[in-house]
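Colleague: Here it is: the structure, laid out below.
Read-outs: derived from the displayed coordinates by stated rules, not from any lab. As the structure is a computational prediction, the values presented were derived from the model and not from experiment.
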Amino acid sequence: MNNDQELYTQQLAQFAASQSFDERSVEFFDDVWQEAGVKDITKMTTADAKCVLQVLGESEASPEFTKALLAQAITAGMPKHVAGYILESDTDGDGRTLAQEIFNDGTSPFQSNQPSVFASQQSQPQFSSEEDEDMEIQI
């Protein structure tokens, strides 16, 4: 693991130690593991991690849910190298790692945080005021 992975994995472990997951939360997390095909968290591989990231991406998981899921996984014995791999993944293609998004930015790691072309077009007026003045309504 590189230094960033180690730092974020430690940060995740500290967060996990401060949490207490109720039965309902664990059931939600178990659903994610099951959908991703993970049978034993303690034996996860990076291939399993890719499947988990895909499931989280498809469901557009929030930063809070993602952080809690990973914290619970660390508590359940997820291998450190797998946690590091997940935390260093760029899940939305914006150049920032999942760890940066859930620990530093609080932005969604599975949705692009770049303004969409459609949204920027909607904020621009359709007609200028000069064009509006020249328009005549015919009945």
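Colleague: Subtracting the Cα-Cα distance from 0.36 nm times the residue separation, let me have the gained length for Asp105 to Glu35 in nm, one decimal.
Modeller: Working: separation 70, 0.36 × 70 = 25.20 nm, distance 2.75 nm.
Computed gain between Asp105 and Glu35 is 22.5 nm.
Colleague: Another question about this same structure. Hey, what do the phi angles of the range 22-37 turn into as Karplus ³J(HN,Hα) couplings, whole Hz, using 6.51/-1.76/1.60 and θ = phi - 60°, x for Gly and Pro?
Modeller: In residue order, the calculated couplings are 7, 4, 5, 4, 4, 5, 4, 5, 4, 4, 5, 4, 5, 4, 7, x Hz.
Colleague: Can you tell me how much longer the chain between Glu6 and Glu27 gets when fully stretched, taken as 0.36 nm per residue apart minus their C-alpha distance, in nm with one decimal? Could you put the intermediate results ahead of the total?
Modeller: Values: separation 21, 0.36 × 21 = 7.56 nm, distance 2.81 nm.
Gain on stretching Glu6 to Glu27: 4.7 nm.
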